[in-house]
Amino acid sequence: MSMIEERPGVPGDSPAPSPATPKLLAGETAALIGPLMLGILLAVAWRLLLPTTESFGDEQETAAAVDGTLAGLGLFVGVVISVVTLFRPGAAPVRRVLVVLITSTIGAAISWGLGDQLGTPHLRALGAAFVWPATTAVVIMVGAILPWTSRRLEHPGRREP
């Protein structure tokens, strides 16, 4: 028999489920599914923009237009996703950033593969497909060191007065 008696109903004895758990999961689901869906939209946009950009000249200029169109779209999407991530970090900002970076990489691969399946000419510079996750990583890194955005990445319980 133990010397300490357990008292039911005393606060602190057993952890109560957090009411923020469904909200946390909803935010992580959006961070997971959002970039994947953007990968599909990026492939479609890449395919729709190519007929206007590939008529610029000879074979090398056409290849540059194909690669540059995907790189430009990836740059735009990377900046938008990283700004949203910086200004809405959620309850677990490190996890959110990791999820966004991983899904951005997967979304970039989806946009490249799906774009090829939709009939776009093949990429010559494969790095153009991954401008999106690289831009996302750089903008989040720069945003995390800026004073007006880095405060948003701190955990609410650890904020100093």
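Values in this text are rule-based calculations from the coordinates and carry no lab data. Everything numeric in this text was worked out from a predicted model, so none of it was measured. Positions of Cβ are generated from backbone atoms using ideal geometry, with glycine treated the same way; all protein chains shown enter the neighbour counts.
When L118, L98, L126, L73 are checked against the criterion of being on the phi < 0 side of the Ramachandran plot and surrounded by 15 or more Cβ atoms within 10 Å (Cβ to Cβ), L73 stands alone in meeting it.
Could you please let me know if W132 is touching a Leu at 6+ places or on another chain (Cβ under 8 Å), farther than 25 Å from L146 by Cα and surrounded by 13 or more Cβ atoms within 10 Å (Cβ to Cβ)? In short, no.
Condition check: of a type in the set (G, A, S), surrounded by fewer than 21 Cβ atoms within 10 Å (Cβ to Cβ) and in contact (Cβ under 8 Å) with a residue 24 or more places away in the chain. Does A92 satisfy that? Yes; evaluated as a whole, the condition is true for this residue. As a summary of the residue check, D116 satisfies the conditions (1) over 17 Å from I33 (Cβ atoms); (2) touching a residue at least 24 places away in the same chain (Cβ under 8 Å); (3) in a helix (DSSP H, G or I) except for the one numbered (2). Taking the stretch 67-113 as the search range and keeping residues that are in a helix (DSSP H, G or I) and touching a Lys or Arg at 6+ places or on another chain (Cβ under 7 Å), which one is farthest from G143 (Cα to Cα)? The qualifying residue farthest from G143 (Cα to Cα) is D67.
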